[in-house]
Amino acid sequence: MRDQPSHSPPPKDVLEIGAPEQFAALAHPLRQRLLFALGHRPATVSRLAAQLDAKKGNVAHHLKVLREAGLIHIAETRQVRGGTEQYYQRTARHMVVAEPQAAGTAAMLAAVAQELDRSPVEPHLTLRHLCLSPAKARQLGEALTGLVDDAEEDGEGDGTGGGEEQPLHGALVVLYQQAPPTGSTTPG
């Protein structure tokens, strides 16, 4: 089809986030929305701007930041009316924080908090403290990741435009071991 770019190879499965520029790139809510929008197929600046109700120049700037951080790349180009149209794609289907750093984590959580404020429906937000063995914590982490992966696979469209578009949801999965209070002794 002349309007569509040729299919590019799929992104790699997992990208580990760890570089300061990657944390900085993820610290802006529009950049997170751009990554969500690019989750299933490549898109142009114009398409992303229309989809996210943002100005093209603003979208182009944020795509440049994401590209410089290695989170997206140009998947395809095509000639249109004497110019070149670029199709952007995520570099990986899944992005995981390899070694969370306080400043980067705070910036990412701040961007998520802004997204929660923009949500048209009440978000589900729960913080629980659980006593778990290392094995049980590992099992829970794997189960949470599996739930999100399964939901993502169930929600993917076929890209043909048929059927009703479903609302986009964000999922932040965090499992951490709480640090003991300083100066306390562990029960023995």
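Among the protein heavy atoms of the range 31-164, carbon and sulfur supply 52% of the accessible surface, probe 1.4 Å, non-protein parts ignored. Take the Cβ atoms of Ser46 and Val97, set R0 to 41 Å, and the FRET efficiency comes out at 0.85.
Computed 3J(HN,Hα) for the range 78-88, one whole-Hz value per residue from the Karplus formula 6.51 cos²θ - 1.76 cosθ + 1.60 where θ = phi - 60°, is 8, 7, 9, 6, x, x, 10, 9, 10, 10, 9, glycine and proline marked x.
Work through the residues other than Thr84 whose Cβ is under 13 Å from its Cβ and net out their charges, Lys, Arg +1 and Asp, Glu -1. So the environment of Thr84 carries a net charge of 0. A simple spin-label model places pseudo-atoms 7 Å from Cα toward Cβ; at Glu142 and Glu122 they are separated by 3.5 nm. Amide H contacts of Glu76 (H built 1.01 Å from N, in plane; Pro and chain starts excluded): Tyr87 sit under 5 Å, all sequence-distant by 5 or more or on other chains. For Lys64, the lysines whose Cα comes closer than 16 Å to its Cα, not counting residues fewer than 8 places off in the same chain, are Lys55, Lys56. Spin-label pair Ala19-Ala110: with each label point 7 Å from Cα along the Cα-Cβ axis, the two points sit 2.2 nm from one another.
The values are calculated or read from the model by the stated rules, or taken from the named source; none is laboratory data. Small disclaimer: the values here were computed from a predicted structure and weren't measured. Cβ sites come from the backbone with ideal geometry, for glycine too, and all protein chains shown count toward neighbours. Heads up: the accessible areas ignore ligands, DNA and RNA and are worked out on the full protein's heavy atoms, side chains in. Shrake-Rupley method; radii C 1.70, N 1.55, O 1.52, S 1.80 Å.
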